[in-house]
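Accompanying notes for the structure given below.
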Amino acid sequence: MEIIEINNAVASVKIALQGAHIFHYQRKGEEPLLWLSDTSDFEYGKAIRGGVPICWPSFGMNNPELPQHGFARTAKFVHVETKEIDESTTEVTLKLTHSKETLLIWAYQFDLELKVSISDTLTMELKTTNKDSRSFTITQALHTYFSVSDILHVEIKGLDKKPYLDALTNKQCLQNGDIVFRNEVDRVYQEVDSEIVLKDKNRTVNIKNEGSSSAVVWNPWIEKGSRMSGMKADAYKQFVCIESANAFEDFVVLEPNESHTLKATIY
Ligand code: TA6
C-alpha cells in the first residue's frame, strides 16, 4: 500500500493513499495521538482500522444504497502536493475525483480533496466540490480514533446539554454533563457549536470543528468490540472515536460547482 510519511521538526504523520487515510500522527516527545489497531488490514479494498477513516459521501447507513460509511475510505486518492510551510509545518494535499468505478456506485461527478496540515496541531480540511450538472446531498465524517491510556480514564467535555441520536436505541436524548464510558456508546451529537475536549490521564486534546454542527462519539465496548473486524477483542480499552461530522440532519446539499469544507483542528 502506498504511504506518505512526513517528519518535520515537531511532528510525524503517515497517510495511506487509500482513503487519504491518516493512520499515524505523533508530536515529538509524546505518544501517538491517533490509535491504530495492531491487527489492522493494510490491503487495497479493506478499510484501515484506526487513524482517521474518511466516511464519504455518506456517514453510517445514511444512504442505504451505499456501503457503510460510503466508498471514499477504500478508494485510491492521488497525491497532489506536499508543501513545507516552515520547518515545523508541512501541508499535504490528496484528491479523489469521480471515475467509472465511483459513478457505478454513486452517479455524481465530484472532486474530493483532503488538505492536512502537520505541526503541533493536526488540521484536516475535507473539501467536496460538485462537478455534476445536478445537485447532490452528502453526509460525512472524519472518523478519528484517539489513542487513550484506558477508556475508563476518559472524560469528554463540551457536549453538555447537547441533543444526540443514540444509535443503539435510535432514540433522541439530551447529554447531561461530561461523557464517561462504562458501556458501549454510539451517539450522534447535534447543534455542536463549541470545542470538544478529550481528557485522559496524561493528556488533554482539543477538537475544533468547522463547517459542521454534528459530532459522533463511539466506543464499541466489550461485546461489539469482540465482533469488530480488524481489531483485537480488548482493543476497545485503548481508543475513543470523536468524529467531526455532517451526519443525519446536518447533511450538506451542493448545487453544481458549489463546494463545502469540513474542517477539524486537533491540538
Ligand atoms: O461512527 C460510529 C460507527 O458508525 C459505529 O456504529 C461503528 O459501526 C463504527 O462506526 C465503525 O464502523 P466500521 O464500518 O468502520 O466498522
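Laid out as a table, the results:
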quantity: Additional length obtainable on full extension of the chain from Ile85 to Lys46, 0.36 nm per residue less Cα span; calculated: 10.7 nm
quantity: HN-Hα J in Hz across the stretch 197-210 - Karplus 6.51, -1.76, 1.60, θ = phi - 60°, x for Gly and Pro; calculated: 10, 9, 9, 10, 3, 10, 8, 10, 10, 9, 10, 10, 10, 10
quantity: For Gln18, distant residues with modelled amide H under 5 Å away; calculated: Glu2, Phe77
quantity: Calculated from backbone phi, Karplus (6.51, -1.76, 1.60) coupling profile of the stretch 17-30 in Hz, x at Gly/Pro; calculated: 4, 5, x, 6, 8, 6, 10, 8, 9, 9, 7, 4, x, 10
quantity: Max mean-square fluctuation residue, GNM over the chain, Cα-Cα springs under 10 Å, options Lys127, Lys171, Lys157; calculated: Lys171
quantity: Long-range HN-HN contacts of His98 with modeled amide H, under 5 Å; calculated: Phe110
quantity: Rounded Å value of the spacing that divides the Cα centres of the stretch 8-53 and the stretch 229-261; calculated: 16
quantity: Two-site label geometry, Met1 and Lys232: point separation in nm, points 7 Å out along Cα→Cβ; calculated: 1.9
quantity: Pairwise centroid distance, computed over Cα atoms, of the stretch 101-131 with the stretch 136-182, Å; calculated: 24
quantity: Estimated dipole of the chain in Debye, rounded to 20 [Cβ of Lys and Arg +1, of Asp and Glu -1, Cα centre]; calculated: 440
quantity: Sulfur and carbon atoms: percent of accessible area, the chain [1.4 Å]; calculated: 47
quantity: Built amide H within the under 5 Å cut-off of His24, gap 5+; calculated: Lys14
quantity: In sequence order, calculated HN-Hα J values of the stretch 97-111 (Karplus, 6.51, -1.76, 1.60; Hz; x Gly/Pro); calculated: 10, 4, 9, 4, 5, 5, 5, 5, 8, 9, 7, 10, 8, 8, 10
quantity: Whole-number percent relative contact order across the chain, with pairs defined as alpha carbons under 8 Å at least 6 apart; calculated: 19
quantity: Ranked by how many other beta carbons lie within 10 Å on average, peptides 185-197, 249-261, 134-146 from highest; calculated: 134-146, 185-197, 249-261
quantity: Unsatisfied cross-links (Cα-Cα over 19 Å) in the set Lys100/Lys131; Lys83/Lys115; Lys14/Lys46; Lys14/Lys131; calculated: Lys14/Lys131
quantity: Extended-chain gain in nm, criterion 0.36 nm per residue less alpha-carbon gap, Glu31 and Asn206; calculated: 61.4 nm
quantity: Of Tyr236, Pro256, Ile266, farthest towards positive along the dipole that unit charges on Lys, Arg, Asp, Glu beta carbons give the stretch 225-267; calculated: Tyr236
quantity: Solvent-accessible area per residue for the chain (1.4 angstrom probe, square angstrom); calculated: 44
quantity: Choice from Asp86, Asp160, Asp41 showing the highest fluctuation, given a GNM over the chain with Cα pairs closer than 10 Å; calculated: Asp86
quantity: Those residues of the stretch 80-105 whose amide nitrogen sits under 13 Å from the label point placed on Val10, 7 Å along Cα→Cβ; calculated: 85-91
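The values are calculated or read from the model by the stated rules, or taken from the named source; none is laboratory data. From a predicted model like this one, the values you see are computed outputs, not experimental measurements. Heads up, the Cβs are rebuilt from the backbone with ideal geometry, glycines too, and the neighbour counts pull from every protein chain shown. Ligands, DNA and RNA are excluded from the accessible area calculation, which covers all protein heavy atoms including side chains. Shrake-Rupley method; radii C 1.70, N 1.55, O 1.52, S 1.80 Å.
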